[in-house]
1. Looking at segment 394-401, can you tell me whether even one residue there is on the phi < 0 side of the Ramachandran plot and among the small types (Gly, Ala, Ser)?
2. Is it fair to say Glu248 is of a type in the set (D, E, K, R), surrounded by fewer than 19 Cβ atoms within 10 Å (Cβ to Cβ) and within 15 Å of the ligand (Cβ to nearest atom)?
3. Identify the residue in segment 251-260 that is closer than 23 Å to Lys47 by Cα and not charged (D, E, K, R) and, among all such residues, is nearest to the ligand (Cβ to nearest atom).
4. Go through (1) outside any loop (DSSP other than H, G, I, E, B); (2) away from the ligand (no atom under 16 Å from the Cβ) one by one and return the number of the condition Glu330 breaks.
5. Out of Asn271, Asn263, report the one residue that is outside any strand (DSSP E or B), within 16 Å of the ligand (Cβ to nearest atom) and not hydroxyl-bearing (Ser, Thr, Tyr).
6. Scan segment 281-297 and tell me whether some residue there is hydrophobic (A, V, I, L, M, F, W, C), open to solvent by less than 40 Å² (accessible area, probe 1.4 Å) and at pLDDT 95 or above.
7. For segment 370-439, list the strands (runs of 3 or more DSSP E) that sit wholly inside it and hold at least 2 residues that are open to solvent by less than 30 Å² (accessible area, probe 1.4 Å) and of a type outside the set (Val, Ile, Thr); which are they?
8. If we scan segment 306-327, do we find a residue that is small (Gly, Ala, Ser), within 19 Å of His75 (Cβ to Cβ), outside any helix (DSSP H, G or I) and in contact with a Ser or Thr (Cβ under 9 Å, 6 or more places away or on another chain)?
Amino acid sequence: MQKIISLCKRRGFVFQSSEIYGGFKSCYDFGPLGGEMKNNVKRAWWKEMVQMQENIVGLDAAILMSPKVWQASGHLTAGFADELVECKKCHKRFRQDEIARLHKCPDCGGELIKARKFNLMMKTFVGPVEDEAATTYLRAETCQGIYVNFENVLDSMRMKIPFGIAQIGKAFRNEITPRNFIFRTREFEQMEMQWFCEPKQAKKYFNFWKEERIKWYKNLGIKKENLRAIEVPAEKRAHYAKQQIDIEYKFPFGWEEIEGIHNRGDFDLSNHSKASGKDLRYYNEETRERYFPYIIETSVGVDRSFLAFLCDAYQEIREGRTKTTKATKETEVLLKLDKKIAPIKVAVLPLVKNKPKLVKKAKEVYQLLKPYFVCQYDEVGSIGRRYRRVDEIGVPWAITVDFESLKQEDVTLRDRDTMKQERLKIKDLIKVLREKLNG
Ligand code: GAP
């Protein structure tokens, strides 16, 4: 794991928040490459869950909502709390489930004080006066914005059940033990889809969405042996869930949840109806029945899936892959990210940097491709070293401009995974790369 964390910092994927002040625990900033990659993860999810669907629409609700929302959703009560254990000696706090079998503090060996509930909501104050009336919370899950807009979306988009509403956005939890880099943090992003259906169809759709979501990871290159779906027993389920499956990924630190599939029943719509006084039942015009739809939820963390994509793609090759030239004896890092997730799609490299005509041509190629693909231009160091640099950040294709290019108006296109090179006319590059990217 340490090697991935160090790659993230060294190559601009993820930085510790407020690093120059010694860091701010459990918060991370996504660097130039991390930002691109995170956007790609979100784009891939949105394309799959909204654009390609006939009856799912998107939403972008506010992070701040009326505190009444959180009262009704059960997040202010014991339902959304972790069991907390405190060390009498060093006062460090742990989640009960994480140190369940320990009787002493894992850090200092001190005595542990009995578990108590610790609510995870992040409180904040809205307006200039810090009194109770202005107290609210940063949202702990994005889906509440969807439930309170159920009627607005239904009416404005003329939706008919079954249908879905999807959203991507920030969520906040005052986690007791944030850990494992960006795996568990206090500020994170979620991609959630809420599927509203007839209660008797809920089981069928639960299984359907579970399969769809597992397929999504596999289609984006996650190895199937690193994925599993675990049925969560009643006593461990979230407070709103009638049925729950956790999709887990085999991280270097063990199997951990990356996505939850929940049958939330009518918990949310009926509670918001009761608390707001607004009847959120769905009216079926054909049967003239009014009922609370059941909700099947797919909920994945952007940061967690980002980490899973990174871990799955990371490879080290001792003594390198190059067999055609003298082996460097260095360990090479290859980030075999799916082309859709890779932050930079194309690298443009002049063979050498001290020939102005070659550099000029390479810059022309770079400018030509820039509007269509996220590109990088690099002229520093030997061509072999530059290939290794782009392999390390997962660039799927590298273009080399050489002396032939000046005469023939062509370049070599190198594939990251096979290292095979093909000669292509510059005028065909956009078309060929587009086909490769979308193929
Ligand atoms: N709306 C349902 C819900 O929020 P959850 O299982 O609590 O369900 C869903 O969270 C996903 O959100 C998790 O599978 C994980 O990917 C992500 N997530 C939750 N808490 C997180 C945290 N503290 N840090 C990073 N990601 C988190």
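The values are calculated or read from the model by the stated rules, or taken from the named source; none is laboratory data. Worth saying up front: this structure is predicted, and the values here are computed from it rather than measured. Glycine gets a Cβ as well: all are built from the backbone with ideal geometry, and neighbour counts include every protein chain shown. Ligands, DNA and RNA are excluded from the accessible area calculation, which covers all protein heavy atoms including side chains. Shrake-Rupley method; radii C 1.70, N 1.55, O 1.52, S 1.80 Å.
1. Yes.
2. Details: of a type in the set (D, E, K, R): yes; surrounded by fewer than 19 Cβ atoms within 10 Å (Cβ to Cβ): yes; within 15 Å of the ligand (Cβ to nearest atom): yes.
Yes: the conditions hold for Glu248.
3. Gly260
4. So Glu330 meets the others, but not (1).
5. Working: Asn263 fails: outside any strand (DSSP E or B).
After ruling out the rest, the residue left standing is Asn271.
6. Quick first cut of segment 281-297, residues hydrophobic (A, V, I, L, M, F, W, C) only: 292, 295-296.
Restricting the remaining residues to those that are open to solvent by less than 40 Å² (accessible area, probe 1.4 Å) gives 295-296.
Then drop every residue that is not at pLDDT 95 or above, which leaves 295-296.
Among the residues of segment 281-297, at least one is hydrophobic (A, V, I, L, M, F, W, C), open to solvent by less than 40 Å² (accessible area, probe 1.4 Å) and at pLDDT 95 or above, which makes the answer yes.
7. Details: elements: 375-377, 397-401, 410-415, 421-425.
Correct list: 397-401, 410-415.
8. no
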